[in-house]
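To start, the structure itself, in structure tokens.
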Amino acid sequence: MSTRRQAAVALVGLPILTNAAEKSKTAAVPPFSEAAARIISYTIYAEARGEPFKGKMAVAAVIQTRARLSGRPLTEVCLQEKQFSCWNELDAVPENFCTGAGIKPADLQARSDCYGIAWVLMSSPRKWEHLTHFYNPDKVVPSWAASLRGIKTIGKHVFGYMD
């Protein structure tokens, strides 16, 4: 495996996107498939597992808005370098997500919520809320934060959009 992102993908049991597949991610991960649901649900889970359901839905809205604006598949948006921190570092993948060992009831509920949201996101033709960015101000305030419009706080995250 040539990148830490590929290692993280393999660690959670997802298909590895090889260099050949990098150019055609839609061929490597069918847009309406179990593999796509797992990539999307892990992204939502890793970014918002401790947030209320509405926060998880807002992360999904960010994924959908970015996909709609870029014309790329949801999975490609999730796996794009430096877009979602959960895919930047192998250490960000929690051990219990991979093995299921010692998983807490709250994490089990969060995983279930995220998996359901992923399938709804993949199958719903409606446009979700127009959100393009989010961050946790307790962890970092990115340079682009001052440019966000339509700001709303859900749980510990600040959501908004930039056009």
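The values are calculated or read from the model by the stated rules, or taken from the named source; none is laboratory data. This one's a predicted model, so the numbers in the text were calculated from it and none came from an experiment. Cβ coordinates were reconstructed from backbone atoms using ideal geometry, including for glycine residues, and neighbour counts include every protein chain displayed. For the accessible areas, the whole protein counts, side chains as well, though only heavy atoms, and no ligand, DNA or RNA atoms are used. Shrake-Rupley method; radii C 1.70, N 1.55, O 1.52, S 1.80 Å.
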Filter the stretch 21-41 down to the residues that are touching a helix residue (DSSP H, G or I) at 6+ places or on another chain (Cβ under 7 Å) and buried (at least 16 other Cβ atoms within 10 Å of the Cβ), then identify the one that is modelled with the lowest pLDDT. 25
Of all residues making up the stretch 48-73, the number that are farther than 14 Å from residue 115 by Cβ, part of a helix (DSSP H, G or I), open to solvent by 10 Å² or more (accessible area, probe 1.4 Å) and in contact (Cβ under 8 Å) with a residue 40 or more places away in the chain: 5
Residue 2, sole failed condition from (1) under 26 Å from residue 133 (Cβ atoms); (2) modelled with pLDDT under 85; (3) assigned to a loop (DSSP other than H, G, I, E, B): (1)
For residues that are part of a loop (DSSP other than H, G, I, E, B) and open to solvent by 30 Å² or more (accessible area, probe 1.4 Å), tally how many sit in the stretch 125-163. 14
Do we have residue 9 as touching an Asp or Glu at 6+ places or on another chain (Cβ under 9 Å), crowded, with 20+ Cβ neighbours inside 10 Å, modelled with pLDDT of 55 or more and within 16 Å of residue 85 (Cβ to Cβ) here? no
Which one is least open to solvent (accessible area, probe 1.4 Å), of the residues in the stretch 75-117 that are modelled with pLDDT under 90 and β-branched (Val, Ile, Thr)? 93
Exclusive hit being without any contact (Cβ under 8 Å) to a residue 12 or more places away in the chain, of a type in the set (Gly, Ala, Ser) and under 19 Å from residue 41 (Cβ atoms), set 85, 143, 124: 124
